[in-house]
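For reference, the structure is listed below as structure tokens.
Derivation of every value follows stated rules applied to the coordinates shown; laboratory data play no part. Because the structure is a prediction, the values reported are computed rather than measured.
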Amino acid sequence: MIKPGKPSIFIVMLLSLPCGMVLAGPVQPPLPDGKALAEACFSCHGEGGRGGGRIPALAGQDMTGLQQKMLALRSPSPGSTIMPRLMRGYDTDEIAALADYFAGVSP
């Protein structure tokens, strides 16, 4: 029973919940699944991105360097391959997830 003049612990907790949520800040969504995204790359870059013939390997590359290369590929240059068209289909979070995945794959 709630006594007059004394707030219920439930009410105090309920009222403090929004404050705690604000203080904690926004929750960052997880990165997309890099492995699932990478499957589209395997037909040219080989299983696991380990390369195949004239197509460069992606597996085992430095994450930051690979991410920068993929972002740069979004801008076509004269004589460029199909990669600029493909990379423009990925947002920056997806590119980060791809680079993270390939950096963790042994060459």
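For the reader, a short list of remarks on this structure follows.
- Calculated log₁₀ intensity ratio I(q)/I(0) where the Debye formula runs over C-alpha points of the range 65-106, q = 0.16, 0.18, 0.29, 0.32 Å⁻¹: -0.39, -0.49, -0.99, -1.10
- Annotation: amide H-H contacts under 5 Å for residue 46 (H modelled 1.01 Å from N, sequence separation of 5 or more, or interchain): 51.
- The average projected area of the range 34-103, computed from the convex hull of its Cα atoms over all directions, is 4.2 nm².
- Per-residue ³J(HN,Hα) for the range 57-67, Karplus 6.51 cos²θ - 1.76 cosθ + 1.60, θ = phi - 60°, Hz, x for Gly and Pro: 6, 9, 4, x, 6, 4, 4, 5, x, 5, 4
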